[in-house]
Every structure is written in structure tokens, then in C-alpha cells.
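Written out below as C-alpha cells is the structure these notes cover.
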Ligand code: PAF
């Protein structure tokens, strides 16, 4: 297994599930396998996951697959950014050991009809606004975990609800892997990095830092504001901009993802928001307590 600074470093790329399974099994015999699942259109947020995986594991595998089953809106799936060549170059420069870029047929040789039960965790926030989204995420993630059998899988904290649900999935399925959530990487003006940011035009890009600014200010207001007032303040502050259409602002217990009424209701409290800028949907979150 070569490191990126070794003269013989090369990143193995495969489209085949069988090949991926075989190589991961060989590498996993003597090495810890770090896995970073992505949908491509890579940015510094993804690269920070790759870097963390390389620090914590012997062999880092990245997947790129725009998973159709997690898109409830076919238009959203169609316009999701796809930047394959740039992605491959970035991962090679980052020093990833292996890249898995399967086709839809490789991941779903037969349609996946599995239905997962996450109780109330997927009935709120993203789950409420994007019906079926987390079922699709669970389908693809279990499939990828089954092929790669990683020691540790790395996810971004920007998708806060997704990480909580995948944690629940791993517990339900009694998988022995570890999960690591890595901090959100932000642009110079606070905007959370997201593949969807590339879809914003200049005017929209100038407006969206308001989302992160509102979250940071909300954190400062915790000491002198009650939960319901703060939630309304966040909602109204973002919604006051006619170009930004807020879908939700929720203050939740980080373990159950259920809304809280008072600061004492949970030890770890997270503020999560989703905002539409025309047809582009952005999410962000911050720990309040
Ligand atoms: O977070 C993402 O990019 C996707 O939801 C994931 C985990 C790669 C599954 O398609």
C-alpha cells in the first residue's frame, strides 16, 4: 500500500462492485480501511474527510455515486453537479488509495425495495421535506458498507440528520464499523461548503452567507433567549430576505432529532435549517449547547 509521497503512489480506480469487494477484502486483511462515501462534485469539505481518513486509517477508499433513490425530486437528481475529471484529480492529489465509481446497475442490479424504520428520526426536518430521502440514503449506504466492509466510515457534520440516522442504521444492523463525523468546512464568509453551492449565481452567492451568520448569532443569543423565541427569530431573520425561502428552522435534541421546548430538555442541542434559493436547496446547522 503506497502513500501519496511514495514514488510508486497511484490511486486505483474501479467501476466494478466485484473488483471493489475483492480489493477491499485483500486490503482489509492487514490494514484498517477508511471509507468516504460521496456523490462527487468534491470540495474542501470532502477533502477534509479524506484527510481525516488518511490520518486515522491505513487505506482510504472514496466512492462517487449520485444515488437516484435518495432524490425525491427527479429534477434535483438531474441537475445535481457532476464533475468527474476534477474529482479524480482532487482525490489523486489528496492521496486517496482507491476510488469506486459504480454505475447504477453495479449498485442496484435489481431494484432496491428495502424499507427502513428509523422511528421518528426521519419524520422531521429533511425527512419531512424530502419524503423517502433517508430510506434511499440507507439503501445506498448499506450496499456500499456491504461491498467495502470498512473499519471506519467518515461523514460531514453539515448533514447532521443524515449522520444521526446512519448511526442508528449501523446500530440496528449490528455492524461493527466505527462512524466518524467531521466538522463542517466553511467558505471565508461562513457559507457551509456544499456541492450545491456551485449551482448558485453571483447574486444568490452574495446572499447565502446570511444563513451561517444567522446560525452564529443564534448561538450567541442562547444565553438570553428561550427556545421558541430563538427559533422564530432564526426563521424570520432568514425569511426576511425575499430571495431566501426558509423550509424549516428546528432546535432539536441531537440524539433523537426531536424538537425541544426548553434548553434543559437535552444535553446536546443543535439548530438545523434548510433554505431554498430559487430551486437550490441548502442546509446548515450549529451546536447551540
Ligand atoms: O452525503 C452524501 O453525499 C450522500 O447522502 C451519501 C452519504 C454519499 C449517500 O449517497
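The values are calculated or read from the model by the stated rules, or taken from the named source; none is laboratory data. Note that this is a predicted model, so its numbers are computed, not measured. Positions of Cβ are backbone-derived with ideal geometry, glycine not excepted, and every protein chain shown enters the neighbour counts.
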(message) Quick check on the stretch 146-154. Is at least one of its residues buried (at least 16 other Cβ atoms within 10 Å of the Cβ), within 13 Å of the ligand (Cβ to nearest atom) and assigned to a strand (DSSP E or B)?
(response) yes
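So that you can scan it fast, the table gives a plain yes or no per residue for (1) within 22 Å of residue 192 (Cα to Cα); (2) out of contact with any helix residue (DSSP H, G or I) (no Cβ under 9 Å at 6 or more places or on another chain); (3) part of a helix (DSSP H, G or I):
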site: 42; (1), (2), (3): yes, no, no
site: 52; (1), (2), (3): yes, yes, yes
site: 55; (1), (2), (3): no, yes, yes
site: 77; (1), (2), (3): yes, no, yes
site: 87; (1), (2), (3): yes, no, yes
(message) Name the residue that is surrounded by the fewest Cβ atoms within 10 Å (Cβ to Cβ), counting only residues in the stretch 165-187 that are assigned to a strand (DSSP E or B) and touching a residue at least 60 places away in the same chain (Cβ under 8 Å).
(response) 180
(message) Tell me whether the stretch 173-182 contains one or more residues that are within 12 Å of the ligand (Cβ to nearest atom), out of contact with any helix residue (DSSP H, G or I) (no Cβ under 9 Å at 6 or more places or on another chain) and within 25 Å of residue 124 (Cβ to Cβ).
(response) no
(message) For the stretch 198-217, check the following and say yes or no: at least one residue is at pLDDT 95 or above and within 16 Å of the ligand (Cβ to nearest atom).
(response) yes
(message) What's the number of the only condition in (1) within 16 Å of the ligand (Cβ to nearest atom); (2) in a helix (DSSP H, G or I); (3) in contact with a helix residue (DSSP H, G or I) (Cβ under 7 Å, 6 or more places away or on another chain); (4) touching a residue at least 60 places away in the same chain (Cβ under 8 Å) that residue 48 fails to meet?
(response) (3)
(message) The conditions are (1) over 13 Å from residue 286 (Cα atoms); (2) assigned to a loop (DSSP other than H, G, I, E, B), and residue 190 fails exactly one of them. Which is it?
(response) (1)
(message) Between 115, 141, 66, which is within 12 Å of the ligand (Cβ to nearest atom), farther than 21 Å from residue 177 by Cα and either touching a helix residue (DSSP H, G or I) at 6+ places or on another chain (Cβ under 6 Å) or at pLDDT 95 or above (or both)?
(response) 66
(message) Please verify whether residue 191 is more than 16 Å from the ligand (Cβ to nearest atom), in contact with a strand residue (DSSP E or B) (Cβ under 7 Å, 6 or more places away or on another chain) and farther than 30 Å from residue 33 by Cα, treating the condition exactly as stated.
(response) no
(message) If I ask for residues that are more than 16 Å from residue 260 (Cα to Cα), without any contact (Cβ under 8 Å) to a residue 24 or more places away in the chain and surrounded by 12 or more Cβ atoms within 10 Å (Cβ to Cβ), which ones from the stretch 202-232 would you list?
(response) 205, 206, 209, 213, 217, 221
